[in-house]
Amino acid sequence: MNEFGAPHLVIEIASTMLNDDIGRKRLLYERLGVQEYWVVDVNAAEVLAFEVGDGGSRQIRESKVLPGLEMVLIEEALQRSQTQDDGEISRWLWQVFNG
């Protein structure tokens with residue numbers, strides 16, 4: 001018996017299997033009824049986000065599960081992680097969210 005439904009959000013970290021993550025795994029999450037699926041391409045510092053519904057998925061640039069969260073912000077945090085430590089990134093995010 002399944003006590004819990006599908007998660008609202010699934011995030012995959014891809015470094016070598018990007019095609020698998022945006023292909024086979026995305027189809028799996030569509031069948032499971034996940035609402036949103038992100039693939040973080042660590043090599044490109046890019047987030048491919050998909051809204052799942054109506055038997056398929058479509059790419060989005062702003063989260064529907066976390067309203068107002070744009071992928072560009074996550075991508076900037078990934079880029080900053082190449083040159084800044086966690087504390088600096090945390091302070092930057094604090095300023096962004098509490099502006």
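Listed values, structure above:
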| item | result |
| --- | --- |
| Amide N of the range 23-41 lying under 12 Å from the label point, which is placed 7 angstrom from the Cα of GLN59 along Cα→Cβ | 39 |
| Equivalent ellipsoid, the range 8-99 (semi-axes from 5 times Cα gyration tensor eigenvalues, Å) | 26, 16, 9 |
| Tilt relative to the chain, helix 71-80 - C-alpha long axis, 0 to 90 degrees, to 10 | 50 degrees |
| R0 of 25 Å, Cβ-Cβ distance SER15-ASN98: FRET efficiency to nearest 0.05 | 0.20 |
| Derived scalar couplings ³J(HN,Hα) [the range 19-25; Karplus, 6.51 cos²θ - 1.76 cosθ + 1.60; whole Hz; x for Gly, Pro] | 4, 5, 5, 8, x, 4, 5 |
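Throughout, read-outs are computed from the coordinates displayed, never taken from laboratory work. Keep in mind that what you see is a predicted model, and the values were worked out from it rather than measured. Using ideal geometry, Cβ is built from the backbone for each residue, glycine included, and neighbour counts are taken over all protein chains shown.
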